[in-house]
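Working notes, beginning with the structure itself.
The values are calculated or read from the model by the stated rules, or taken from the named source; none is laboratory data. What you see is a predicted model, and the numbers here were worked out from it, not measured in a lab. Quick reminder, even Gly has a Cβ in these numbers, built from the backbone with ideal geometry, and neighbours come from all protein chains shown. Surface areas here come from the heavy atoms of the whole protein model, side chains and all, with no ligands, DNA or RNA. Shrake-Rupley method; radii C 1.70, N 1.55, O 1.52, S 1.80 Å.
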Amino acid sequence: QGQALGMAEDAEDGYDLTAMRTLDVEGITVTNADRLTIDVEDGNAVINDITAVDAERIIVNSANDVTVKVAAAGIDTNDLVAIDASGVTGTFTLNLTNGTYDLSDVDLTGVEALVLGDGVNAVVLTLSATQLIELKDVISDTDSATTLNVVGLTDEALNLTDLDVDTIGTVEFADVDGTITVNADANFDDATSLENLAEDSHTNVVMTAEQF
């Protein structure tokens with residue numbers, strides 16, 4: 001016998017209308033679809049896996065809390081344009097569980113918690129400098145080995161101290177014509193390396209000795 005998603009069962013008193021039951025979904029798999037829209041009604045939800053390698057947009061809507069877990073093999077970040085959780089009224093948590101993710105060109109909207117790892121598998125994540133400034137305070141890791149790389153840095157006040165990841169990997173400056181003057185408030189103290197690739201442009205970087 002089932003029960004409504006928004007009602008938590010109480011062993012003695014039947015249903016507790018004040019409590020919120022969580023829908024636990026094993027996974028969602030779609031193929032040959034450029035858009036995956038998930039509408040969750042009547043309660044919180046945890047979606048333990050998404051496989052949508054053809055999807056350009058993943059859209060989530062809910063009046064409650066939603067957690068979405070995604071392995072790197074489940075999406076193609078070369079095609080993925082956006083993960084849009086602006087339609088989630090509660091807290092939207094994006095959990096990257098396993099593998100290497102380059103989300104630097106993906107529009108991340110409405111992400112209020114970004115969790116790296118599943119407690120077992122390693123995660124490597126690349127974000128743009130702009131994304132990291134927006135998400136810095138909501139990133140956390142599990143017991144997994146986690147590495148965060150940053151690309152596209154120009155004059156953002158990027159502070160890499162106190163990030164909840166195991167390793168800050170490479171910080172890469174944007175490939176632009178002209179001179180990038182590093183923001184006086186930028187702090188790369190924990191980064192493994194700073195890179196100025198200048199592959200397509202003549203990029204000069206000006207920074208203080210302390211920042212370097």
> Got a sec? Which strands (runs of 3 or more DSSP E) wholly within region 39-108 have at least 3 residues that are in contact with a His (Cβ under 9 Å, 6 or more places away or on another chain)?
Replying inline: none
> If you check every pair at least six apart or on different chains, which have Cβ atoms under 6 Å apart with a residue in region 130-147 that is more than 9 Å from Asp164 (Cβ to Cβ) first and a residue that is at pLDDT below 95 and among the acidic types (Asp, Glu) second?
Replying inline: Ile133/Glu156; Ala145/Asp166
>> Among the listed residues Thr146, Thr91, Thr154, identify the single one that is of a type in the set (Val, Ile, Thr), farther than 23 Å from Val205 by Cβ and modelled with pLDDT under 95.
In response: Thr146
> When Lys69 is evaluated against the numbered criteria (1) open to solvent by 50 Å² or more (accessible area, probe 1.4 Å); (2) out of contact with any strand residue (DSSP E or B) (no Cβ under 7 Å at 6 or more places or on another chain), which criterion, by number, is the only one it fails?
Replying inline: (2)
>> Looking at (1) modelled with pLDDT of 95 or more; (2) in a strand (DSSP E or B), which one does Glu9 not meet, given that it meets all the others?
In response: (1)
